[in-house]
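Following: one structure in structure tokens, then a few remarks.
The values are calculated or read from the model by the stated rules, or taken from the named source; none is laboratory data. It should be emphasised that the depicted structure is a prediction, and the values quoted were computed from it without experimental measurement. Here Cβ is always computed from backbone atoms with ideal geometry, including for glycine, and neighbour counts include all displayed protein chains.
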Amino acid sequence: MTFDYNQQHLIKMANQIAGNMPTRENVPAQIVQHMMQFWTPPMRADLKKIAEHTAELLSDDVLAAVAMQD
Amino acid sequence: MNKPIEIAIEDLDLGTPAALSESTVTVHIDGKAVDVPAGTSIMRAASLAGTQIPKLCATDSLDAHGSCRLCLVEVEGRKGTPASCTTPCQEGMSVKTQTPRLDKLRKGVMELYISDHPLDCLTCSANGDCELQDMAGVVGLRSVRYEEGSNHLDAGKDNSNPYFSFDASKCIVCSRCVRACSEVQGTFALTIAARGFESKVSPSEENAFLDSECVSCGACVQACPTATLQEKQVIDLGVPTRKVKTTCAYCGVGCSFVAELRGDELVRMVPDKQGGANAGHSCVKGRFAWGYATHSDRITRPMVRETTDSEWREVEWPEAIAFAADRFKAIQQKHGIDALGGITSSRCTNEEVYVVQKMVRASLQTNNVDTCARVCHSPTGYGLKQTFGTSAGTQDFASVQQADVIMVIGANPTDAHPVFGSRMKRRLREGAKLIVIDPRSIDLVKSPHIKATSHLQLQPGTNVAVVNALAHVIATEGWIDEAFVQERCDVASFNAWRRFISLPENSPENLAEISGVAAETIREAAATYAKAGNSAIYYGLGVTEHSQGSTMVMAMANLAMATGNIGRDGVGINPLRGQNNVQGACDMGSFPHEFSGYRHVSDETAREQFTALWGVDLREEPGMRIPNMLDAAISGNFRGMYIQGEDIAQSDPNSQHVAAALSAMDCVVVQDLFLNETSKFAHVFLPGTSFLEKDGTFTNAERRINRVRPVVPPASGLAEWEVTCALSEAMGYTMDYANASEIMDEIAALTPTFAGVSFDLLDERGSIQWPCNEQAPEGTPIMHAQRFVRGEGQFVTTPYVPTDERSTRKFPLLLTTGRILSQYNVGAQTRRTDNTVWHAEDILEIHEADAELRGVADGDWIEVASRAGSTRMRAHISDDIPAGVVYTTFHHPVSGTNVITTDNSDWATNCPEYKVTAVEIRPSSAIAVGM
């Protein structure tokens, strides 16, 4: 899967959010809450597609967060 | 007992500053009893009692000097005739201000002054605006008995400063200018050189003003009682004939000014003594650099063009509006409603910003609206909301006068917020301690009569590490204010934070190598901050414009709460906002996830309120931020944008990416004063209004809402909000306001923190700090005094995560960016003024060792390259920065500093990481290139 600039940026943003969440307890839930607050639905949908096709580009916490939104 | 009458009397110079004592004394001035605070001068007491004692060297913005001897009085029971300006009132004192003896003495003093002063009143540029002339009249001087002798009538003029003239022949050596430079501005550029008859005002060491340390704040001009120091505009145009109070449009200090005009021609801007933010002071930008408003580059007619490579075509307003609306509708039909969005501007009024975000949400039916605060203080919004409950600085500016320790982090107040910087310097000269956390040695670190107690000269990108280390010391040394934490904060979050911050990984010793700051220096600074009575943190974009900008804001909030430095005068967390209305633009619902008052779009109660008043359904999902919109444009999903008063092609990071995104859009609408860099990619240009043409409000960094009053009519014929409303109407949604006041009424109806605000209230009170509502009808100078907005203060753990942007073999230096005093942001305004005499180009500051290694000499042209791009500029070898770090400004499009900044951003808000870019420097040819 090739990514356009937008998707590359989403990958970086998601991993960065996961790495910076203040508390290390239940990081996926915090990521979900952050995305619901600040990300548009198409951005969340794009991230889900990325997770489905190239999971290796996303951190485990991001993947868990994506799974929680299903 | 008479009621104290220490009240503000507008425009009346009371001669000496107010005494701060809470006890009062009663004195009798010419038989009239008056109660004043103990320590009040006789001169001030007399003024308050309605008697103006003649004076020349005294003015109420400066400490009494007692040199002119014109204000002599008689005090019952005392010998002689003391100067009323330097003699404090005492209980029961009986003073006579007018007696034959005093009349004779004063006339004699005036006669001596006038004997060495040009007798050219009728043709003098200060005729009608000269205290010397006034006093000669007051004392009844009718002739001068002295024969012509030695005098200063041939003393020369210094016209070196572009804005004011110094005519030494008219100087009476009253020292008001010298004292203003020292006491008010704190620069100490002026002195009285020589002695006796040879005494004269001298900038620095007898330099011309332009070559001296003078920062052109205008305080000396303001203080001068004669035509000696005078604005060149007054000399050229004459004394003003009408006045309008308004607010400066530059930085987030938000100084109040009196615009003085002849007809519709602006003659000068005079800082307003009653101004809540500036109390009569100003800087070179607000005081003098307003000529851009009538610059020949101004575009005052709407323009359109089919494609960005075709010529602009001037059109009438209806055609321009229809053109933009047709394009926007076509985009909506073809690509969907989320293919459009808008950007609001912190240089526009609250009312102008409000209607743009309303147009986007209600008319365009999307939440794709963002503001330029995205690239400056969005982490402040996130961090302070998480910890305190709202996005706002906690103090008023006056609070700094009660601070015992001032910690300045990633800010350069003397350049970027100069009027507040002067206030801060005054407190530092009084003895407050100073901690500076900054990779650069900013002016405050060592300036006249000021020396920082600690300068934590950290590596760019390690803010969080340093503040964590400070907090670690405070927590492990037992310096926590346990009572404050228990009473005011969420204890569970505090306990979690205390466990985290006490870990060895956060110790100064562990973080010293990462941050570049010695552990002992951190420990000393922590003790200074924690052990003072009142410690205050002031910060700027050196905090926010990092990959951990939001984390850093929360780390500072933790520090303040842990030490109990919140909720009273002299403490707090204070963001120094970059532009005049950053606070207001954020307050007005400019972020894609929030309505005005920082209420999330998913908040049903809030959305129902807006839906009911606006009469339209609103989206409950957040919209795109600026970088998301630009990314989506490159992907082809975002096709049109309304850009209010911003120049994202110059100001936003990774300029090539911004250019590519703008180029990919079908309709870019720019509303601005000038054809800026962004307009190169625009299809519609809607001429904006300068601050002199606006009617509305700005909200400054201390949440102070100030009126912006129209000084002259809009050059384009329409107010900006009228243009926005016209476009909204053309898109099918009517926004109907008769005037800007009605917009504020709507803001107040929908925004709890603005509920009590109206133009009438602002006109009555001058200004007001939000929250202003039923609970706080007179506003709120200090926030979180009894409880935090969110209830209990929330501690947040703040692990340090290094930025991805690191120095490498290919790019071994770290570039950080900032501003300079004379220029402002992308320079669209200041580059079109005479301020260019101080800063005509962006310069790269480089340490001597780094320069020598690369064969670069001072003044050489160099190429600066990063992984994002390269540009050229001149080098200046400086010891203000450590080896391994370089610094420049971003005021000039020709150097295009943001060509080299990257798209790294804050993890929570996407605020760009302007402050850390890995670069390499090499000598270059002298050809400057743009983007």
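Scanning region B:717-732 for residues being assigned to a loop (DSSP other than H, G, I, E, B) and of a type in the set (Val, Ile, Thr) gives a total of 0. Selection of first residues in region A:5-19 that are modelled with pLDDT under 90 and of second residues that are assigned to a helix (DSSP H, G or I) and among the hydroxyl-bearing types (Ser, Thr, Tyr), restricted to Cβ pairs under 6 Å at least 6 apart or on distinct chains, gives the following pairs, ordered by first then second residue: A:Asn6/B:Ser635.
Going through region B:171-201 one residue at a time, which ones are among the small types (Gly, Ala, Ser) and at pLDDT 95 or above? Passing the criteria: B:Ser175, B:Ala180, B:Ser182, B:Gly186, B:Ala189. For region A:11-35, a residue qualifies if it is assigned to a helix (DSSP H, G or I) and at the interface with another protein chain (Cβ under 8 Å from one of its Cβ atoms), and the qualifying residues are A:Met13, A:Gln16, A:Ile17, A:Gly19, A:Asn20, A:His34.
Residue by residue, here is whether (1) buried (at least 18 other Cβ atoms within 10 Å of the Cβ); (2) farther than 30 Å from B:Glu148 by Cα; (3) modelled with pLDDT of 95 or more; (4) not β-branched (Val, Ile, Thr) holds:
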{"site": "B:His28", "(1), (2), (3), (4)": "no, yes, yes, yes"}
{"site": "B:Lys32", "(1), (2), (3), (4)": "no, yes, yes, yes"}
{"site": "B:Met43", "(1), (2), (3), (4)": "yes, yes, yes, yes"}
{"site": "B:Lys79", "(1), (2), (3), (4)": "no, yes, no, yes"}
{"site": "B:Arg101", "(1), (2), (3), (4)": "no, no, yes, yes"}
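B:Ala330 - would you say it is out of contact with any strand residue (DSSP E or B) (no Cβ under 9 Å at 6 or more places or on another chain) and in contact (Cβ under 8 Å) with a residue 40 or more places away in the chain? Answer is no for this residue. The number of residues in region B:254-311 being without any contact (Cβ under 8 Å) to a residue 60 or more places away in the chain, among the charged types (D, E, K, R), over 17 Å from B:Gln222 (Cβ atoms) and not in a strand (DSSP E or B) comes to 2. Among the residues of region B:619-646, the ones that are surrounded by fewer than 17 Cβ atoms within 10 Å (Cβ to Cβ) and either away from chain A (no Cβ under 14 Å) or on the phi > 0 side of the Ramachandran plot (or both) come to 1 in all. Residue pairs whose Cβ atoms lie under 9 Å apart, sitting 6 or more positions apart in sequence or on different chains, and linking a residue in region B:918-931 that is more than 15 Å from B:Ile846 (Cα to Cα) to a partner that is among the hydroxyl-bearing types (Ser, Thr, Tyr) and at pLDDT 90 or above, are B:Ala928/B:Thr871; B:Val929/B:Ser870; B:Val929/B:Thr871; B:Gly930/B:Thr871; B:Met931/B:Thr871. Just checking, how many residues over region B:557-582 are within 14 Å of another protein chain (Cβ to nearest Cβ) and under 14 Å from B:Ala392 (Cα atoms)? So the answer is 1. Among residues of region B:1-19 being in contact with a strand residue (DSSP E or B) (Cβ under 8 Å, 6 or more places away or on another chain) and modelled with pLDDT of 90 or more, the one that is farthest from B:Phe257 (Cα to Cα) is B:Ala19.
The sole residue among A:Thr40, A:Thr54 that is more than 13 Å from chain B (Cβ to nearest Cβ) and among the β-branched types (Val, Ile, Thr) is A:Thr54. Exactly one residue out of B:Val473, B:Val467 is under 19 Å from B:Ile514 (Cβ atoms) and free of Cβ contacts under 8 Å to residues at least 60 places away in the same chain: that is B:Val473. Of B:Thr724, B:Thr734, all but one fail to be of a type in the set (Val, Ile, Thr) and without any contact (Cβ under 8 Å) to a residue 40 or more places away in the chain; the exception is B:Thr734.
Return a yes/no flag: does region B:528-546 have any residue that is within 14 Å of another protein chain (Cβ to nearest Cβ) and buried (at least 24 other Cβ atoms within 10 Å of the Cβ). Yes, region B:528-546 has at least one match. Of the residues screened, B:Val796 is one that is aliphatic (A, V, I, L, M), within 14 Å of chain A (Cβ to nearest Cβ) and crowded, with 17+ Cβ neighbours inside 10 Å. Of the residues B:Ala585, B:Ala661, B:Ala649, the single one that is under 30 Å from A:Gln8 (Cβ atoms), away from every other protein chain (no Cβ under 14 Å) and in contact with an Asp or Glu (Cβ under 8 Å, 6 or more places away or on another chain) is B:Ala649. Here region B:605-618 is the region considered, the condition is being farther than 18 Å from B:Thr366 by Cβ and either among the polar types (S, T, N, Q) or touching a residue at least 12 places away in the same chain (Cβ under 8 Å) (or both), and the residue that is farthest from the other protein chains (Cβ to nearest Cβ) is B:Leu613.
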